[in-house]
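**Student:** This is the structure I have questions about; it appears just below.
The values are calculated or read from the model by the stated rules, or taken from the named source; none is laboratory data. What you see is a predicted model; the values in this text were computed from it and never measured. Every residue, glycine among them, receives a Cβ derived from its backbone with ideal geometry; neighbour counts consider all protein chains shown.
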Amino acid sequence: MDDAPLTIARQDLIEGLGKGLRVIEAFDDDHPRLTPSEAAELTGLSRTAARRFLLSLVHFGYAASDGKRFWLMPRVLRLGQSYLGAARLPRLVQPFIQRVSMQCGETVNFSVLDGHEVVYVARSNAPRLVSIGYQVGVRAPAHVVTPGVAILSTWSDERLEGWIAAHDFSSFTAHTVTDPQRFREIVATARALDYWTTEQQLDLGLSGIAMAVKDRKGECVGAIGMTADEMRDRAAGIARSRRAAIICVAAALACFMASLYFSDNASRELGVSALKPTAAEPAK
């Protein structure tokens, strides 16, 4: 069966739907509440159009307003929950990351790349009272989390160059890699190793390790990653052995999943095709 992306004629598109989704995506940590003028500036819409979309979101229960500013309501979470409920990928990987978590005593995640961000779609908590790591649904800039590097290491040089050119290399700690050339070197090393580890790129005191998972055709469908307390591991002297165990288990898991679960139409069947960015896709 043909795996070529579906071509959609422009006359079949509902532009209003796309604009409404852009308005929803305009809300973030820096913009928790928006006026119509602010929404218009962020989305490239006219003020009148932005106001109508915001009022429509209020009408359908996805937003609320005090008459001047608008903010999202919990109902909007249904949009993301629909993916987690319908996609096969999170359900398939859950028992495997659970096994890895129990063996290593750390939180293990499975994540995918959405444009310039890593999205965590499955998680298994560490068998301890307090666990660290990212919850399902959390998004993080791909250059500062280990799964991002692991996934990008499976790309061709040409595709990677397009991604790097459009990416915003923001800094989060004193250790964050923000130089594009240095990031190229990191991805190249990860490609040679077939895994990657990071230390304190996004959060101080945390380290991570991740490996890409591929389907039968060699296409990356996501990455298995583990987050750990760097200082605790160093004090216990077990960082190296734990990482070695994760690499072995993750590699075996990737081979097992590729041979048993991923068909030639894996991306479509598992619900990750929409999360595969093009090289020219701009950063958010």
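**Student:** Mind telling me which of the residues PHE96, PHE110 ends up being in the same structural domain as THR146 (by TED's automatic domain parsing), outside any helix (DSSP H, G or I) and out of contact with any Pro (no Cβ under 6 Å at 6 or more places or on another chain)?
**Tutor:** Numbers: PHE96 fails: outside any helix (DSSP H, G or I).
Just a single option satisfies the conditions, and that option is PHE110.
**Student:** Residues of region 215-241 being more than 16 Å from PRO141 (Cα to Cα), in a strand (DSSP E or B) and modelled with pLDDT of 80 or more, which ones? Walk me through it before giving the result.
**Tutor:** Taking region 215-241 first, the residues more than 16 Å from PRO141 (Cα to Cα) are 215-221, 224, 226, 228-241.
The next check asks that each one be in a strand (DSSP E or B); those that pass are 220-221, 224, 226, 228-229.
CYS220, VAL221, ILE224, MET226, listed by residue number.
**Student:** Name the residues in region 36-91 that are outside any helix (DSSP H, G or I) and in contact (Cβ under 8 Å) with a residue 60 or more places away in the chain, would you?
**Tutor:** If we filter region 36-91 for residues that are outside any helix (DSSP H, G or I), which is where we start, we get 44-46, 60-73, 87.
Correct list: ALA87 only.
**Student:** Being of a type in the set (Gly, Ala, Ser), modelled with pLDDT of 80 or more and under 18 Å from the mean Cα position of the chain (by Cα), is that true of even one residue in region 107-119?
**Tutor:** The first filter runs over region 107-119 and keeps only residues of a type in the set (Gly, Ala, Ser), leaving 111, 115.
From what's left, modelled with pLDDT of 80 or more: 111, 115.
Narrowing further to those that are under 18 Å from the mean Cα position of the chain (by Cα): 111, 115.
Among the residues of region 107-119, at least one is of a type in the set (Gly, Ala, Ser), modelled with pLDDT of 80 or more and under 18 Å from the mean Cα position of the chain (by Cα), which makes the answer yes.
**Student:** Which one of the conditions (1) in contact (Cβ under 8 Å) with a residue 12 or more places away in the chain; (2) assigned to a loop (DSSP other than H, G, I, E, B); (3) out of contact with any Cys (no Cβ under 8 Å at 6 or more places or on another chain) does VAL121 fail to meet, given that it meets all the rest?
**Tutor:** Of everything listed in (1) in contact (Cβ under 8 Å) with a residue 12 or more places away in the chain; (2) assigned to a loop (DSSP other than H, G, I, E, B); (3) out of contact with any Cys (no Cβ under 8 Å at 6 or more places or on another chain), VAL121 misses just condition (2).
**Student:** For region 53-90, which positions are aliphatic (A, V, I, L, M), surrounded by 14 or more Cβ atoms within 10 Å (Cβ to Cβ), within 24 Å of the chain's Cα centre (by Cα) and within 14 Å of GLY20 (Cα to Cα)?
**Tutor:** Scanning region 53-90 gives LEU72, VAL76.
**Student:** Let me ask something else. Taking region 181-214 only, how many residues are closer than 17 Å to ALA142 by Cα and part of a strand (DSSP E or B)?
**Tutor:** 12
**Student:** Checking the structure you have, find out if any residue of region 52-65 is under 30 Å from GLU219 (Cβ atoms) and among the polar types (S, T, N, Q). Step through it out loud before you land on a result.
**Tutor:** Of all residues in region 52-65, those under 30 Å from GLU219 (Cβ atoms) come to none.
There is no residue in region 52-65 that is under 30 Å from GLU219 (Cβ atoms) and among the polar types (S, T, N, Q).
**Student:** Need pairs with beta-carbon distance below 8 Å; first residue at positive phi and within region 168-194, second in a helix (DSSP H, G or I) and of a type in the set (Gly, Ala, Ser); sequence gap 6+ or separate chains.
**Tutor:** ASP194/ALA251
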